[in-house]
Amino acid sequence: MIDELRVYKLFPGKAEEYLNLSQSIAIPFRKDDYGKLLGFWSVASGTLSSVMNLWQHEDLATRERLRDKLQAAEAWRGYTERTHPLNQHQTVRLLSAVLPLSVPATSGNTYEIRFIAAHTGKAGAVARLLRDAAPAGPNAATIAIWTNLFGPINEVVCLCAHGDFQQSLKGKWSDEWAAFLRAHGSMIDQIESQVLLPIASSPLK
């Protein structure tokens, strides 16, 4: 399986319009016929006026075939004609799961995604060590870890779910992250974090 993380940086003030179009047109049209939707979020901290969505494909060839079919659809062309002017910048990462995505047992979560820039040649090792550590807490869990097949090289992507984000920052989850960084931080250049809020149509709640 290949997971695809798409990040849209929208012009200031355009996120609400983009999300409305996505929920009223794009998601109902696509269903899971052009890749399985795993999650859809607005970015609450970090790069504001941004949206992320996560899809899963059987393999790269299937993704390419379905993308061609999607872009040929009249309904999809109508959607992109309305959303492209809202979009300032777009990033696509094709991801290989080291810790496959697990759905949290409860809904109402806040999500956090961490982009971990590892030293050259160390992304695989960092991802495996993070999988083994899997920081967690009473209301927090590490639910997926990936390395990049396409996108920034030497990068590990980690997705966490928080039932109470503020509690996570003060509790066991934060302590376990600190322990991981003390043990393995010498293999890492930098970490960027963004807090994500699931939209109503997101399978991950």
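Net charge in the neighbourhood of Ala136 (other residues with Cβ under 10 Å of its Cβ; Lys, Arg +1, Asp, Glu -1) is 0. Taken over the alpha carbons of the chain as equal point scatterers, the Debye sum produces base-10 log I(q)/I(0) values at 0.09 Å⁻¹ of -0.35. Taking a Cβ cut-off of under 15 Å around Asn154, the surrounding Lys, Arg, Asp and Glu residues balance to a net charge of +1, with basic ones at +1 and acidic ones at -1.
When both the stretch 129-197 and the stretch 36-93 are represented by their alpha-carbon centers, they are found 24 Å apart.
Residues whose amide H comes within less than 5 Å of that of Ala44, counting only those at least five positions distant or on another chain, are Val195, Leu196, Leu197 (H built at 1.01 Å from N in the peptide plane).
Highest GNM mean-square fluctuation among Ser193, Ser168, Ser102, for the chain modelled with Cα contacts below 10 Å: Ser102.
Taking the radius of gyration and the Kirkwood hydrodynamic radius from Cα positions alone, what is the Rg/Rh ratio for the stretch 99-205, to two decimal places? We get a ratio of 0.96 for the stretch 99-205. Across the stretch 73-80, coupling constants 3J(HN,Hα) worked out from phi with the 6.51/-1.76/1.60 Karplus curve, θ = phi - 60°, read 6, 4, 4, 6, 4, x, 5, 5 Hz, and Gly and Pro carry x. One way to sum up the overall shape of the stretch 125-183 is the equivalent ellipsoid from its Cα gyration tensor, whose semi-axes run 22, 13, 9 Å, largest first. Under a no-solvent Debye model with one identical scatterer per Cα of the stretch 2-95, what's log10 I(q)/I(0) at q = 0.19, 0.24 Å⁻¹? Debye output, listed in q order: -0.94, -1.43. Sparsely packed loop sites in the stretch 1-83 (the GluC sites (Glu not before Pro) outside DSSP H, G, I, E and B with at most 14 other Cβ atoms within 10 Å) comprise Glu58. Applied to the stretch 129-135, the Karplus parametrisation 6.51 cos²θ - 1.76 cosθ + 1.60 on θ = phi - 60° returns per-residue 3J(HN,Hα) values of 5, 5, 4, 5, 6, 6, x Hz, with x for Gly and Pro.
Each reported figure results from applying straightforward, stated rules to the coordinates on display, with no laboratory input. Being a predicted model, the structure only gives us computed values, none of them experimental. When we count neighbours, we look across all protein chains shown, and the Cβ atoms used for this are built from the backbone with ideal geometry, even at glycine.
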